[in-house]
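The values are calculated or read from the model by the stated rules, or taken from the named source; none is laboratory data. Quick caveat: nothing in here was measured; it's all calculated off a predicted structure. As a convention, Cβ positions derive from the backbone with ideal geometry for all residues, glycine included, and neighbour counts pool all protein chains shown. What goes into the accessible areas is simple: the full protein's heavy atoms, side chains included, and nothing from ligands, DNA or RNA. Shrake-Rupley method; radii C 1.70, N 1.55, O 1.52, S 1.80 Å.
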Amino acid sequence: MKTFDTAPAPHLPARRSVREVMGLVLLALVPGTAAHAWFFGPGVLVQMLLAVGFALAFEAAMLKLRARPLRPFLSDLSAPLTAVLFALSLPPLAPWWVAAIGMFAAIVFAKHLYGGLGHNLFNPAMVGVAVVVLCFPRAFTQWLPPAGLDPALVVPGLMDSVRAILTGELPAPWRWDMLAQATPLDTVRTLAKEGATLAEIRGAPLFGDFGGRGWEWVANFYALGGLFLLWKRVIPWQVPVATLGTVVLVALPFWLYDPDLHPFPLQHVFSGALVLAAFFIATDPVSGCTTPRGRLLFGAGVAVLTLVIRRWGAFPDGVAFAVLLMNCAAPWLDRHSRPRIFGEGKAP
């Protein structure tokens, strides 16, 4: 009898390791991060370094307390990815202690108190963002305007950004009161309350073709990184398609009804953190849905909640809160969207 040499089981090809997946996501964030730093200064890179340092420190401390080995978990890149996503949500010149508090909430509470990687109910990065937004809302109104908006104001360089983050001292001629309501979403919200129409608001130099000047280019580069993740099959297509598609479908009839009161759908897409969330945050496999229909519903829910919070909520951009609310619903969505097993009868 002829025999064939076979390798030992298992015979299925090995899946990507956690480190490889996290590394690919970090790689996909490079174009958007570069655009972010180009338009809003190197402060975002300083925030990323601070957040990564705090995240690794809290990760090591919790692993020690839980008697877990340090090297495997510190090297899987999950903590740095959480830190980077958190830092990209911060104003570039936010005080250093904002990153410390946010990473404490993300790593200690949202991750390790639930059992560590793979057991967290909520997205850790968004928990960190929600905590600092709720506790220090003023710090989140102090965004730099994009580079080139005002020729008389040069975006602070690396050393000026470090000094502002660590000491709170801004280089001349910048002042902290100049940074309030600098984002397109803040500007729309503030001026709309004063009775201005969207046509009048969008006439300001802060706005570009669709979203805010600079912001729309950052969103484009995040989308480029997201397409890379889709090509590499790191993330499922259902979540970003459902998130961005639902925003357009829901916002379109309101805009057609009254374009002076309701923004153009692509203005919603290219403002704030919606594109970043659609590709990099809502696609988290642990805190999101796992079934195909569940992912579609999850993405649609993030979109609707974001629009609701932007319109009636207390904060201009509701992406973090929308993701966290849908994290609560993810187990229920998976339970009721599970494909029927072959031969299984219909549920009564």
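If I go through the stretch 147-163 residue by residue, how many of them are open to solvent by 60 Å² or more (accessible area, probe 1.4 Å) and either assigned to a helix (DSSP H, G or I) or at pLDDT 90 or above (or both)?
Qualifying residue count for the region: 3.
Go over the candidates Val84, Val98 one by one and state the one that is on the phi < 0 side of the Ramachandran plot, open to solvent by 10 Å² or more (accessible area, probe 1.4 Å) and under 18 Å from the mean Cα position of the chain (by Cα).
On the way: Val98 fails: open to solvent by 10 Å² or more (accessible area, probe 1.4 Å).
One residue alone meets the criteria, Val84.
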Sole miss for Gly313 among (1) in contact (Cβ under 8 Å) with a residue 12 or more places away in the chain; (2) open to solvent by less than 70 Å² (accessible area, probe 1.4 Å); (3) not acidic (Asp, Glu) is condition (1)
Is it true that some residue in the stretch 294-312 is over 24 Å from Ala251 (Cα atoms) and part of a helix (DSSP H, G or I)? no
Just for the stretch 130-146: of the residues that are closer than 24 Å to Pro173 by Cα and open to solvent by less than 60 Å² (accessible area, probe 1.4 Å), which one is nearest to the chain's Cα centre (by Cα)? Phe140
Pairs with Cβ under 9 Å, 6+ apart, first in the stretch 326-339 and over 9 Å from Gly294 (Cα atoms), second among the hydroxyl-bearing types (Ser, Thr, Tyr) and surrounded by 14 or more Cβ atoms within 10 Å (Cβ to Cβ): Met326/Ser287; Asn327/Ser287; Pro339/Thr291
Among helices (runs of 4 or more DSSP H) lying entirely in the stretch 61-143, which contain 3 or more residues that are more than 27 Å from Ala34 (Cβ to Cβ)? 70-74, 124-135
The one condition Ala278 fails out of (1) at pLDDT 90 or above; (2) under 22 Å from Gly211 (Cβ atoms); (3) open to solvent by 40 Å² or more (accessible area, probe 1.4 Å) is (3)
Going through the stretch 23-34 in order, the residues found to be surrounded by 22 or more Cβ atoms within 10 Å (Cβ to Cβ) and aliphatic (A, V, I, L, M) are Val25, Ala28, Leu29
Where a residue in the stretch 134-145 is over 18 Å from Gly318 (Cβ atoms) and its partner, wherever it lies, is crowded, with 16+ Cβ neighbours inside 10 Å and at pLDDT 85 or above, with Cβ under 7 Å and at least six apart: Gln142/Pro91; Gln142/Leu93; Leu144/Phe40; Leu144/Gly41; Leu144/Pro92; Leu144/Leu93
Quick check on this structure: which one of Ala57, Ala106 is of a type in the set (A, V, I, L, M, F, W, C), modelled with pLDDT of 95 or more and more than 24 Å from Gly288 (Cα to Cα)? Ala57
Go through the stretch 169-179 and give me each residue that's assigned to a helix (DSSP H, G or I), open to solvent by 20 Å² or more (accessible area, probe 1.4 Å) and of a type outside the set (D, E, K, R). Trp176, Met178
Test Leu117 against the stated conditions and say whether it is open to solvent by 40 Å² or more (accessible area, probe 1.4 Å) and free of Cβ contacts under 8 Å to residues at least 24 places away in the same chain. no
Can you tell me which of (1) within 30 Å of Pro285 (Cα to Cα); (2) buried (at least 18 other Cβ atoms within 10 Å of the Cβ); (3) modelled with pLDDT under 95 is the one Ala182 doesn't meet? (1)
